[in-house]
Amino acid sequence: MMRPRYVLGGLIAVTLAMAGMGGIPVAAAPSAKELTTARPPVATAPAGTLVIAGGGALPPDVFKAFVEAAGGRGARIAVLPVASGVPDESIEALRKPLTELGAVLVPIRLTDRASAADAGRLAVLASCTGFWFTGGDQNRIGDLVVGTPLHETLWAKYRAGGVIGGTSAGAAAMSQIMLTGDGDLGETAPGTFKTREGLGFLTGCIVDQHFLRRSRENRLLSLIQDHPDLFGVGIDEETAFVVHHGQGSVVGRRKVLVFDPRMAKASAGTVWDLRLHLMGVGQTLDLTSRRPQ
């Protein structure tokens, strides 16, 4: 029997204990493919870009990548403070970093699902090339945006080359299966953390944020046991994972962790043969092979 191997000096402990009969694959769980409102696949990959930020004080490099992807100076940026409990403050916090880069800030406030179908709001949204979701509670994004005409408009803009970004809760909402924030961070076991349908712009993985700063390894290690067909992307604060044409690049100041369970096995809450990548600024991940470049 092999002893546990500790990764990153005890930061993450992935048990490699194996019984004499060998590993037991992780039991199948509801996945992105089984969501009742899952979007049908499109013939071609979206032409746009995702800027998925892990929260905290984002450095200028993150906003620069976002504004450049939206078209540079003069780009109209829709700011959606849907998740925030203080939307006006969240909008104002973005004014300086965006306008210093020459972008035009366009607030889009939502109060209920009906407001996400308002023709006037949708017309304003369609005039923008960049779309930013603030932090807060990602469940509000699920409640007010997912499955609405506003969501469809965002999809159309993303397919056509627009950039969609978000930080903290806005980052968690980018994947098709979204963390709700409910669960026990003291546990590392299947079924510990709740999820729901997210915006779905990033497929094939589950996103977590504030990752190393708040020691959230337990969440992704648990969720990839619930969803073994997905890989986990943990984005630390002051850092973004910028996705374009099947490649994800690290921008900012800190790290992105990737948990790839394709070859992993699990039994009774233990996992072995789990591939882990600790990626730094400037590194790129191929989202198909799940290998850093």
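The values are calculated or read from the model by the stated rules, or taken from the named source; none is laboratory data. Everything numeric here is computed off the predicted structure, so don't read it as measured data. Backbone-built Cβ (ideal geometry, glycine too); neighbour counts: all protein chains shown.
Would you pick out the residues in the range 251-276 that are more than 13 Å from the chain's Cα centre (by Cα), assigned to a strand (DSSP E or B) and closer than 23 Å to Arg213 by Cα? Don't jump to the end; show me each part of the working.
Step one: list which residues in the range 251-276 are more than 13 Å from the chain's Cα centre (by Cα), which gives 251-255, 259-276.
Filter once more, keeping what is assigned to a strand (DSSP E or B): 251-252, 259-260, 265-267, 270-272, 275-276.
Passing the criteria: Val251, Gly252, Phe259, Asp260, Arg275, Leu276.
Consider Thr134 against the criteria (1) out of contact with any helix residue (DSSP H, G or I) (no Cβ under 9 Å at 6 or more places or on another chain); (2) modelled with pLDDT of 95 or more; (3) of a type in the set (Ser, Thr, Tyr): it satisfies all of them except one. Which criterion is unmet?
The number of the failed condition is (1).
Out of everything in the range 238-263 that is among the small types (Gly, Ala, Ser) and in contact (Cβ under 8 Å) with a residue 40 or more places away in the chain, what residue ends up being surrounded by the fewest Cβ atoms within 10 Å (Cβ to Cβ)?
So, considering only residues that are among the small types (Gly, Ala, Ser) and in contact (Cβ under 8 Å) with a residue 40 or more places away in the chain, the one surrounded by the fewest Cβ atoms within 10 Å (Cβ to Cβ) is Gly246.
Yes or no: Gly170 touching a residue at least 24 places away in the same chain (Cβ under 8 Å) and under 20 Å from Thr239 (Cα atoms)?
So Gly170 fits the description; yes.
Having 2 or more residues that are within 17 Å of the chain's Cα centre (by Cα) and surrounded by 14 or more Cβ atoms within 10 Å (Cβ to Cβ) is the bar; report the helices (runs of 4 or more DSSP H) wholly within the range 62-163 that clear it. Working first, answer last.
Working: elements: 87-99, 119-126, 138-144, 149-160.
Answer list for the range 62-163: 138-144, 149-160.
Mind checking which residues of the range 82-124 are under 21 Å from Val51 (Cβ atoms) and in contact with a Lys or Arg (Cβ under 7 Å, 6 or more places away or on another chain)?
Correct list: Val82, Ala83, Pro87, Leu101, Gly102, Val104, Leu105, Val106, Ile108.
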